[in-house]
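> Quick one: the structure is below, and I'll ask about it shortly.
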Amino acid sequence: MESEKIHCLIIGSGPAGYTAAIYAARANMKPVLYQGIQPGGQLTITTEVENYPGYANGVQGPEMMVDFEKQAARMGADIRFGLATKVDFSAPPFKVWIDEDKLVEADAVIIATGASAKWLGLESEERLNGFGVSACAVCDGFFFRGKEVAIVGAGDTAAEEALYLSKLCSTVHMFIRREEMRASKVMQERVQRTPNIKVYWNTNTDEILGENKVESVRVKNVKTGDLQTIPISGFFVAIGHQPNSDIFKGWLDMDEAGYLKTIPGTSKTNIEGVFAAGDVQDKIYRQAVTAAGSGCMAALDAERYLSAKGLV
């Protein structure tokens with residue numbers, strides 16, 4: 001098996017991974033970044049990004065990630081295709097296997113593997129993703145000002161996103177599979193007090209309709225079997241995110257959902273020399289700008305760690 005010894009390994013290539021690479025390269029840490037299964041991360045399935053500072057006219061998500069990648073490469077980061085498939089964090093140098101057939105040993109590791117939105121699994125949802133279908137109301141709600149939209153989900157995130165959308169959209173149709181919401185009482189009360197949020201209980205999404213953009217949604221009452229078609233312009237899925245942290249189980253502390261735990265105010269995990277940034281450790285904000293900020297923190301933390309050990 002091929003093996004290689006490096007100073008700083010970055011796993012993942014969204015805003016957190018690329019920002020960490022920019023800072024680590026400028027600090028002469030000679031970082032190697034493996035892009036993972038989705039180079040560019042969740043932003044590559046987003047169309048227009050209008051809330052990232054510095055892009056006065058907005059930017060396409062994939063284009064923005066190309067900009068990040070080019071900047072990291074210009075600074076000297078070694079950016080490679082490849083997926084981390086196994087780790088051994090028992091002692092430094094830390095061992096990480098790439099695509100199961102290459103071993104990388106690193107003095108410091110920055111994990112920026114992100115999180116993946118959970119989807120309903122409909123063909124129409126996949127086809128219209130970015131054309132009216134979204135998993136982020138804060139990112140995309142703005143495009144549906146004054147229009148009717150729908151949201152699926154029953155937890156606190158779904159309630160928060162429905163309330164956010166209610167301030168922008170004329171009507172928010174909220175579909176809940178059961179007779180009750182999982183959200184906290186206070187969030188449920190806020191939703192039910194908001195006049196332009198219409199809650200549909202015992203309701204499943206049957207199909208999202210539209211050729212090149214979302215035009216309506218067909219829903220089914222799970223008790224009666226009745227179908228109903230509702231005209232909408234946007235369809236938001238808020239049934240949760242799954243952090244991409246499986247390979248770190250047994251090594252790093254994580255919460256019950258699988259998000260990596262970091263020492264508050266830092267990117268440090270429970271293993272000295274292993275750092276985490278971006279959505280794999282952030283279930284609260286989940287924005288490109290906060291991910292980039294935490295990538296910067298991880299690189300600075302890694303630099304201080306390597307300096308203290310006399311490795312850079």
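> Give me the Kirkwood hydrodynamic radius of the chain in Å, from all C-alpha pairs, to one decimal place?
One decimal place: 20.6 Å for the Kirkwood radius.
> Now, a different point. Could you size up the charge dipole of segment 204-312 around its Cα centre, putting +1 on the beta carbon of Lys and Arg and -1 on that of Asp and Glu, and report it in debye to the nearest 20?
Numbers: 11 positive and 14 negative charges, 34 e Å.
Computed charge dipole of segment 204-312: roughly 160 debye.
> How big is the dipole moment of the chain about its Cα centre under a simple scheme where the beta carbon of each Lys and Arg is +1, that of each Asp and Glu is -1, and everything else is neutral? Debye, nearest 20, please.
Numbers: 32 positive and 39 negative charges, 131 e Å.
Dipole about the Cα centre, nearest 20: 640 debye.
> Taking the Cα centre as origin and putting +1 on Lys and Arg beta-carbons and -1 on Asp and Glu beta-carbons, what dipole magnitude results for segment 119-237, to the nearest 20 debye?
400 debye
> Using a 10 Å cut-off around each Cβ, can you sort Cys169, Cys139 from fewest to most neighbouring Cβ atoms?
Placing the least packed residue first, the sequence is Cys139, Cys169.
> Here's something else I'd like to know. Per DSSP H run of at least 4 residues, take -39500 (n - 2.57); add these up for the chain, divide by its residues and hand me the 222 nm value, nearest 500 deg cm²/dmol.
-7500 deg cm²/dmol
> Considering only the other residues whose Cβ falls under 13 Å of the Cβ of Thr262, what net charge follows from Lys and Arg at +1 and Asp and Glu at -1?
Computed value for this residue: -3.
> Do any cysteines in the chain lack another Cys Cβ under 4.7 Å, and if so which?
If one checks each Cβ against the other cysteines of the chain, Cys8, Cys169, Cys296 turn up with nothing under 4.7 Å.
> Between rounded, prolate and oblate, where does segment 119-237 land on the alpha carbon gyration tensor, with a ≥ b ≥ c its root eigenvalues, rounded for a/c under 1.5, else prolate if a/b exceeds b/c?
Oblate.
> Within a Cβ distance under 10 Å of Ile6, other residues only, what is the Lys/Arg minus Asp/Glu net charge?
Once positives and negatives cancel, what remains is -2.
> Give the order of Val109, Val49, Val214 when sorted by the count of other beta carbons within 10 angstrom, beginning with the fewest. Spell out each step's value before the answer.
Numbers: Val109 28, Val49 20, Val214 24.
Sorted ascending by nearby Cβ count, the order is Val49, Val214, Val109.
> Another one. Let a ≥ b ≥ c be the square roots of the eigenvalues of the Cα gyration tensor of segment 1-102; is it rounded (a/c under 1.5), or, if not, prolate (a/b larger than b/c) or oblate?
On the way: a/c = 2.76, a/b = 1.80, b/c = 1.53.
Verdict is prolate for segment 1-102.
> Take the residue pairs Lys70/Lys283; Lys198/Lys223; Lys167/Lys283; Lys30/Lys118; Lys147/Lys198 and return only those whose Cα atoms are more than 25 Å apart.
Exceeds cut-off: Lys70/Lys283; Lys30/Lys118.
> Quick one: which residues, 5+ away or cross-chain, put their amide H under 5 Å from the amide H of Ala117? H built at 1.01 Å from N.
Under 5 Å from the amide H of Ala117 lie the amide H atoms of Gln242, each far enough along the sequence or on another chain.
> Among DSSP bridges having both ends in the chain, what percentage is antiparallel? Round to the nearest 5.
If we restrict to bridges inside the chain, about 45 percent are antiparallel.
> Here is a follow-up. Out of segment 203-311, which trypsin sites (Lys or Arg not before Pro) are coil in DSSP terms and have no more than 16 other C-beta atoms within 10 Å?
Answer in residue order: Lys213, Lys223, Lys249, Lys261, Lys283, Lys309.
> Using only Cα atoms, tell me the angle between helix 61-75 and the longest principal axis of the chain; keep it within 0 to 90° and round to the nearest 10.
Approximately 10 degrees, to the nearest 10.
> To the nearest 10 degrees, how steeply does helix 156-166 sit against the main Cα axis of the chain, on a 0 to 90 scale?
60 degrees
> Positive end of the charge dipole of segment 1-120 (Lys, Arg +1 and Asp, Glu -1 on Cβ, about the Cα centre): tell me which of Ala91, Val49, Ile111 has its Cα farthest that way.
Ala91
> Which ³J(HN,Hα) values, rounded to whole Hz and listed in residue order, are derived for segment 104-113 from phi using the Karplus coefficients 6.51, -1.76 and 1.60 in 6.51 cos²θ - 1.76 cosθ + 1.60 with θ = phi - 60°, glycine and proline given as x?
In residue order, the calculated couplings are 10, 10, 10, 5, 9, 10, 10, 9, 9, 7 Hz.
> Further, regarding this structure: Please compute the contact order of the chain in relative form: average sequence separation of alpha-carbon pairs under 8 Å and at least six residues apart, divided by the residue count, as a percent. Provide the component values of the computation, followed by the final result.
Values: 727 pairs, mean separation 65.8, N = 312.
Once normalised by length, the contact order is 21 percent.
All of the numbers you see were taken from the coordinates with simple rules; none came from a lab. Because the structure is predicted, anything quoted here is derived from the model rather than measured. For neighbour counting, all protein chains shown are included, and Cβ atoms are generated from backbone atoms with ideal geometry for every residue, glycine included.
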